[in-house]
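Report on one structure; see the data block that follows.
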Amino acid sequence: MDALYDQTLVPRIIFSFIGFAIAVGPMFADFNKTHATNPAWTPHARFHVVWQVLSQAGVSMVILFLLWTPSPDYITHIWLAAILNYIWMTSFFITLSTMSIFDGALKDVNGIKPFRFNIFGKIYLVDTNLFGATIFVLLNSTGVWLLANA
């Protein structure tokens, strides 16, 4: 078991990084005037964003528990952690692709500024949520590939 456990170290670190980032990142990004205390938002929308952030933080704590608590079935726990990470990412991209149904948007006028990339003199603006979710999909998929080949 120890040799296989060691072979899963890098995927567990990757899945942990994502779980931690999904737990902590939104707390900094959303518990402020751009979201939870945004005067332009309705009180009900503010309630939902706080609920969503706290729920995801709780799920992320479960992910970390699954990854780092010794268990005879630890491989199943690692796969479950990877799947839980994918649920967050999948729900993001489903929400993104269905925004027209509920008149959603990736950002507000007084929200978080997009990332700014200068590629060969051309400026590209990329939404921070879209950028993060895309990076997390790539990282989680790398971890899954490493785990499958451990």
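The values are calculated or read from the model by the stated rules, or taken from the named source; none is laboratory data. What you see is a predicted model; the values in this text were computed from it and never measured. Glycine gets a Cβ as well: all are built from the backbone with ideal geometry, and neighbour counts include every protein chain shown. Side chains are part of the model used for accessible areas, which takes the heavy atoms of the whole protein and leaves out ligands, DNA and RNA. Shrake-Rupley method; radii C 1.70, N 1.55, O 1.52, S 1.80 Å.
Some values worked out for this structure:
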| quantity | calculated |
| --- | --- |
| Cα-based convex hull volume of region 71-112 per residue, rounded to whole Å³ | 86 Å³ |
| Partner lysines for residue 33 [C-alpha distance under 16 Å; skip if fewer than 8 residues away on the same chain] | 107, 113 |
| About the Cα centre, charge dipole magnitude for the chain (Lys/Arg +1, Asp/Glu -1 at Cβ), debye | 520 debye |
| Equivalent-ellipsoid semi-axes of the chain, from the Cα gyration tensor, Å, largest first | 32, 19, 13 |
| Which of 65, 93 is most accessible, then next, and so on - probe 1.4 Å | 65, 93 |
| Per-residue HN-Hα couplings for region 40-56 [Karplus 6.51, -1.76, 1.60; θ = phi - 60°; Hz; x = Gly/Pro] | 7, 8, 6, x, 5, 5, 5, 4, 5, 5, 5, 4, 4, 5, 5, 4, 5 |
| Whole-percent carbon and sulfur share, accessible surface of region 1-143, 1.4 Å | 72 percent |
| Within the chain, helix-based [θ] at 222 nm, where runs of 4 or more DSSP H residues each add -39,500 (n - 2.57), nearest 500 | -23000 deg cm²/dmol |
| Å² per residue, accessible surface of the chain at 1.4 Å | 62 Å² |
| Region 89-130: equivalent-ellipsoid semi-axes (sqrt of 5 x gyration tensor eigenvalues, Cα, Å) | 23, 13, 9 |
| Spatial extent of region 71-147: Rg and Dmax, with the Cα atoms as the point set, Å | 16.4, 54 |
| Overall form of region 102-150 per C-alpha gyration tensor (a/c, 1.5; a/b vs b/c) | oblate |
